[in-house]
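Okay, so here's the structure we're looking at.
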Amino acid sequence: MTQRIALVTGANRGIGLEVVRQLASEEVTVFLGARDLEKGKGAAKPLQAEGMAVVPCRLDVTKLADIEEVATQIEQDYGRLDILINNAGVLYDTWQTAVAADLSEVRTAFETNTLGPWQVTQGMLPLLKRSEHGRIVNVSSGAGSLTEMSGNTPGYSVSKAALNALTIMLAKNLVDDGILVNAVCPGWVATDMGGSGGRPVEDGAASVLWAVRLDDDGPTGGFFRDGKAIAW
């Protein structure tokens, strides 16, 4: 296969948009998932003007109807999916501690950061299994590392730890299908969520794309930052 097909969630800004740009510059056809379709179209327009194959699509990862619609579109247009990057994330709750957490906010974090990638992956699996070089990359965080974890950002941290656990399970389930599944921490990146002072968004995206570019005999079921394994 010369043409690869990718889907990136939460891709109308920040790391997701930079991942889309870098993939599309390599002649990958990229579906740019965004909760707000108009924002997705706005993000895709400059890339399309440069001749890149970027397809904006409405994709709220908490809504099964959105996932099914995107899967149908990819099925009809291309018949398979080669790359799934679960990037959408919410609620870096720096104002909370575990002992005093508002659990309604924690549930919101889980819906997007854990259950969202889970159901997007389930929805795209029939398409991914048709790829000769399937890749699933879950964009996680050092905040979800049990080794690095503090008592702060409980919603974000615990939901990302759960995403890491899901990564291990999916990798074991899909090993016979040749689909590599890894979790990646992009590091502290200067985005709307990360705030100022972090590393350039290009560096965070490069860390994510490392997992996309793995050879077929590359690692699966791991947790990485900048191409190096980090502690769970």
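The values are calculated or read from the model by the stated rules, or taken from the named source; none is laboratory data. From a predicted model like this one, the values you see are computed outputs, not experimental measurements. When we count neighbours, we look across all protein chains shown, and the Cβ atoms used for this are built from the backbone with ideal geometry, even at glycine. When the accessible area is computed, the model is the full protein with side chains, heavy atoms only, and any ligands, DNA or RNA have been set aside. Shrake-Rupley method; radii C 1.70, N 1.55, O 1.52, S 1.80 Å.
What aspartates and glutamates could a cross-link reach from K63, if we take a straight Cα to Cα line under 19 Å and drop same-chain neighbours fewer than 8 places away?
Hits, sequence-local ones excluded: D36, E38, E75, E105, E111.
Counting only heavy atoms of protein chains, what accessible area per residue, in Å², does segment 96-170 have with a probe of 1.4 Å?
Accessible area per residue: 42 Å².
If I fit a long axis through the Cα atoms of helix 64-77 and take the longest principal axis of the Cα atoms of the chain, what angle between them do I get, 0 to 90°, rounded to 10?
Its long axis makes an angle of about 30 degrees.
Taking the chain as the reference, fit the longest principal axis to its C-alpha atoms, fit the long axis of helix 116-128 to the helix C-alpha atoms, and give the angle between the two in degrees, 0 to 90, nearest 10.
The angle comes out near 20 degrees.
Treating cross-link reach as a plain straight distance, find the aspartates and glutamates whose alpha-carbon is under 17 Å from the alpha-carbon of K172, omitting any fewer than eight places away in the same chain.
Straight-line reach from K172, under 17 Å: D216, D217.
Treat every Asp and Glu Cβ in the chain as -1 and every Lys and Arg Cβ as +1, leave all other atoms uncharged, and give the resulting dipole magnitude about the Cα centre to the nearest 20 debye.
Around 160 debye, computed over the chain.
Using only Cα atoms, tell me the angle between helix 14-25 and the longest principal axis of the chain; keep it within 0 to 90° and round to the nearest 10.
Helix 14-25 sits roughly 20 degrees off the main axis of the chain.
Picking from L170, G142, T62, whose Cα lies most toward the positive end of the charge dipole for the chain (charges on Cβ: Lys, Arg +1; Asp, Glu -1)?
Result: G142.
Work out how much length D77 to V175 would gain on full extension: take 0.36 nm times their residue separation and subtract the Cα-Cα distance, in nm to one decimal.
Using 0.36 nm per residue and subtracting the Cα-Cα distance, I get 32.6 nm.
Which value in nm describes the separation of the simple spin-label points at E68 and A231, placed 7 Å from the Cα toward the beta carbon?
4.5 nm
Quick one: compute the contact order of segment 116-232, relative version, from alpha carbon pairs under 8 angstrom and 6+ residues apart, as a percent.
This gives 28 percent for segment 116-232.
Which whole-number percentage describes the relative contact order of segment 3-55, with Cα contacts under 8 Å and a sequence gap of 6 or more?
So the answer I get is 39 percent.
Could you calculate the contour length gain from V99 to Q119, that is, 0.36 nm times the residue separation minus the distance between their Cα atoms, to one decimal place in nm?
My answer for the length gained is 4.3 nm.
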